């Protein structure tokens, strides 16, 4: 249940941003959640709701975009989707690959009033 | 009003972990984050490792548990510095909890600090503590389907220690399947097959760990 710690970190950042932008309430926040991060979206939503209840963030929508895992081969240079968490190149079988997306756990945008 | 905020949600923890790492580097100290599910043998492996290496390298241990100080008491009996962290419910250690223990150690006198994380195959993989590398234990009684079920843990760990191989005749699990599945997720993983009960395979682990500490010391 690391979603509680992650939700707390998220709320800390949102709070800072709200102060910085003189915002009174939070309408929504957009997140990018990579497939590699072991986040259960429902659990994160649930923890977020608990933490923000009674604050100026209560009722805000948590919009989560799930990001697929993609990699590029450092040998044959072809990009590919990493399926079933197989971290090697499906074209040339090389283990030398670089993950280019899907490790994200980030905030991209918030809507405030 | 829409505000664009591009920020890693775990940046606060990552920042503290980075500060911890800098302090470890200044003290020429190798730090291993040891993870596994509960009961896989983290503390048993540590006891064996300390016994075998304490003449050659100076070790310290941070024990992470939700509750109780039983693990720290086991390590303290071996006469090396140990600090118990009780997370009081949290399922993993984070950078901040590790930083809070620094007053308890003479970091400069240590060669290797082992952080024994809370027993859990999910959450500890997500939170850096400032380690040089992550090592994980999988015991054969847990089954060879675990890499496929907990890919992040296997992806993040550079070392996999397969424990309890003495029990292989009694379980539906093969070391070949664990190896195959783990290497699919992390082709660069270093793998050891051991039994903390019989001592099988431990010499190779001790040698590797000793070498790792020496190499890192030289590199700094």
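Rule-based calculations on the coordinates, nothing more; no lab input. Note that the structure is a prediction, hence the values are computed from the model and not measured. Neighbour counts are summed over all protein chains in view; Cβ atoms, including those assigned to glycine, are modelled from backbone coordinates with ideal geometry.
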key: Inter-site label distance for residue B:148 and residue B:25 at 7 Å from Cα along Cβ, in nm   = 4.0
ask   = Order of B:65, B:106, B:94 from fewest to most other C-beta atoms within 10 Å?
value = B:106, B:65, B:94
ask   = For the range B:82-108 and the range A:16-35, what is the separation of their C-alpha centers, rounded to whole Å?
value = 31
task = Please arrange A:89, B:196 by counting, for each residue, the other beta carbons lying within 10 Å of its beta carbon, fewest first.
result = A:89, B:196
query = Counting pairs of alpha carbon atoms under 8 Å apart in space and at least six apart in sequence, what relative contact order in percent does the range A:44-98 give?
reply = 25
ask   = Extension gain residue A:55-residue A:75, at 0.36 nm per residue separation less the Cα-Cα distance, in nm?
value = 2.1 nm
message = Need the C-alpha centroid separation for the range A:43-113 versus the range B:125-202, integer Å.
response = 25
task = Rank these for me by crowding, A:92, A:47, going from fewest to most other beta carbons within 10 Å.
result = A:92, A:47
